[in-house]
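The values are calculated or read from the model by the stated rules, or taken from the named source; none is laboratory data. If you're wondering where the values come from, they're calculated on a predicted model, not measured in any experiment. Cβ sites come from the backbone with ideal geometry, for glycine too, and all protein chains shown count toward neighbours. Only protein heavy atoms, including side chains, enter the accessible area calculation; ligands, DNA and RNA are left aside. Shrake-Rupley method; radii C 1.70, N 1.55, O 1.52, S 1.80 Å.
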Amino acid sequence: MLLDPFCGCGTTLVEGKLAGLKTVGVEANPFACFASKVKTNWDVDAEELLDDSRAIAQKTLRQLKRQGIDDSGLFQEVPDESKLLTLPEQKLKMLLSNSISPLPLHKSLVLLENIKNMGSKGLQEHELLAFANSLVFTVSNLHFGPEVGLGAVKSDAPVVSSWLSEIEKMVRDLRSVSERDYPDSRTVLADSREIGLHIPPSSVDAIITSPPYPNEKDYTRTTRLESVLLGFIEDKTGLRSLKSSLLRSNTRNVYKGDDDDKWVSEHKEIQRISHAIEKRRIELNKNSGFEKLYGKVTKLYFGGMTRHFADLRKILKPNAKLAYVVGDQASYLRVMIRTGQLLAEIGEALGYEVMGLDLFRTRFASATREQLREEVLLLKWPGEKVKGNGKGAKRV
Ligand SMILES: C[S@@+](CC[C@H](N)C(=O)[O-])C[C@H]1O[C@@H](n2cnc3c(N)ncnc32)[C@H](O)[C@@H]1O
């Protein structure tokens, strides 16, 4: 059983399944969790998916045509905006401004409604995931590089044909796995800091994962547009509860009462780094609310990872092997954080054996003009030590 406790959209699970392994993923962001579930569900008839989607596409095109809207995305006069469908104000407020222009949004909402009403049982989730993908990468004005931001703001974009081409990609993938049986895969929506509540005890043989790093990346921003359109986030309260289920790896998800830092209160190097960040902030006179949290979030991040590694022990089989891809960071006022090294120390203190800290690649950080290491931390869980029974201590 291979586990990815921070599985995102499920890449590790897909690769594990292709390699013939039973896999399980844990992910706290509901959209990413949904994407992972769909990507690992290959019990779908590719030809039925294609037929179903074509019928939805035709109906949408006819409907748009009746409204005087051509979906080619070319030379179109933008119709009277007051006649276009849009999102409720509270949902619009959660999007990056100009994420999507009014006409593509209208067409997307028409298509989405048709997928929801016409999509056949067992196929609809795939159709919705294809919708999310074309929405973000073709229809919207978003640009990933790698952080999400705004690219060229386009007044129109083809919605139905972009969606169908995503469906066609899925259909090709599904056809390529239709000949063989593959082991099951499941993805659980949960917080990996309390993973023991969601995965059976002593059930996991191996972990391959890429957890967040303390780098100010807001994972809820990267998936905001599709999360809002597909209804995974309804309002600010929903967004907040999602953010609080994530590891504290950026200052935008730090809340009053957060106390994961108590798990590293005795860790000298983490305390030193946190103080060094705060000292530099004061020297540089950086006083925004977010900057004031840089020192705290660093401790919260490592505290959260400590909770994760501690709870994980319940669900690992003795001799389970773990691989964590992590990167050094200097995002907080250029104070170097050796993420892999620190996580190795935390793991060791919790009873794991450190098998290696392999260099995976380096990235050039323009702020510090240094090469930052991206590493794979390799751990082994030897099993829980129990008291000796006369023949010396054993591990279980
Ligand atoms: C670096 S990404 C993983 C990307 C993944 N390998 C993929 O291919 O999509 C880290 C993931 O961890 C998730 N995450 C953050 N905190 C979490 C938590 N406490 N429990 C579970 N997942 C969490 C984030 O939502 C994000 O999707």
* Asked: If you go through segment 255-272, how many residues are among the small types (Gly, Ala, Ser) and under 20 Å from Leu350 (Cβ atoms)?
  -> 1
* Those residues that are in contact with a His (Cβ under 9 Å, 6 or more places away or on another chain), under 21 Å from Lys243 (Cβ atoms) and not in a loop (DSSP other than H, G, I, E, B), I need them from segment 1-57; list them, please. => Val26
* Asked: If you check every pair at least six apart or on different chains, which have Cβ atoms under 6 Å apart with a residue in segment 266-289 that is more than 17 Å from Gly340 (Cα to Cα) and of a type in the set (Asp, Glu) first and a residue that is outside any loop (DSSP other than H, G, I, E, B) and open to solvent by less than 50 Å² (accessible area, probe 1.4 Å) second?
  -> Glu278/Gly295
* Residues of segment 44-84 that turn out to be loosely packed, with under 14 Cβ neighbours inside 10 Å and in contact with a helix residue (DSSP H, G or I) (Cβ under 6 Å, 6 or more places away or on another chain), as a count -> 2
* To do: Examine segment 74-83 for a residue that is within 29 Å of Ser210 (Cβ to Cβ) and among the hydrophobic types (A, V, I, L, M, F, W, C), and state whether such a residue exists.
  => no
* Taking the stated definitions as given, is Arg334 in contact (Cβ under 8 Å) with a residue 40 or more places away in the chain, surrounded by 14 or more Cβ atoms within 10 Å (Cβ to Cβ) and touching a Gly at 6+ places or on another chain (Cβ under 9 Å)? -> no
* Asked: So Phe309 clears everything in (1) under 27 Å from the mean Cα position of the chain (by Cα); (2) open to solvent by less than 70 Å² (accessible area, probe 1.4 Å); (3) farther than 23 Å from Lys385 by Cα except one condition, right? Which one?
  -> (3)
* **Some residue of segment 147-158 being within 16 Å of the ligand (Cβ to nearest atom) and either of a type outside the set (A, V, I, L, M, F, W, C) or surrounded by 15 or more Cβ atoms within 10 Å (Cβ to Cβ) (or both)** => yes
* To do: Identify, from the list Leu377, Leu322, the residue that is buried (at least 22 other Cβ atoms within 10 Å of the Cβ) and without any contact (Cβ under 8 Å) to a residue 60 or more places away in the chain.
  => Leu377
* Pick from segment 224-250 the residues that are near the ligand (Cβ under 8 Å from one of its atoms) and in contact with a Pro (Cβ under 9 Å, 6 or more places away or on another chain): which of them is modelled with the lowest pLDDT? -> Ser249
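Among the residues of segment 315-365 satisfying the criterion of being polar (S, T, N, Q) and part of a strand (DSSP E or B), which is farthest from the chain's Cα centre (by Cα)?
Just the residues of segment 315-365 that are polar (S, T, N, Q), to begin with: 319, 329, 331, 339, 341, 362.
Still in the running and part of a strand (DSSP E or B): 319, 329, 362.
Details: Asn319: 28, Gln329: 19, Thr362: 22 Å.
The extreme case among them is Asn319.
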* Could you say whether any residue in segment 26-49 is more than 34 Å from the chain's Cα centre (by Cα) and either on the phi > 0 side of the Ramachandran plot or away from the ligand (no atom under 13 Å from the Cβ) (or both)? -> no
* Give Ser101, Ser97 a once-over and let me know the one that is open to solvent by less than 40 Å² (accessible area, probe 1.4 Å) and either away from the ligand (no atom under 16 Å from the Cβ) or more than 21 Å from the chain's Cα centre (by Cα) (or both). => Ser101
* Within segment 1-25, how many residues turn out to be near the ligand (Cβ under 7 Å from one of its atoms) and either more than 17 Å from Arg193 (Cβ to Cβ) or at pLDDT below 95 (or both)? -> 4
* With Glu216, Glu194, Glu179 as the choices, which residue is assigned to a loop (DSSP other than H, G, I, E, B), open to solvent by 40 Å² or more (accessible area, probe 1.4 Å) and within 16 Å of the ligand (Cβ to nearest atom)? -> Glu216
* Do you know which residues across segment 197-210 are in a loop (DSSP other than H, G, I, E, B), within 15 Å of the ligand (Cβ to nearest atom) and in contact with a strand residue (DSSP E or B) (Cβ under 6 Å, 6 or more places away or on another chain)? -> His198, Ser210
* **Number of the exception - Ser288 against (1) among the small types (Gly, Ala, Ser); (2) in contact with a Lys or Arg (Cβ under 9 Å, 6 or more places away or on another chain); (3) at pLDDT below 95; (4) open to solvent by 10 Å² or more (accessible area, probe 1.4 Å)** => (2)
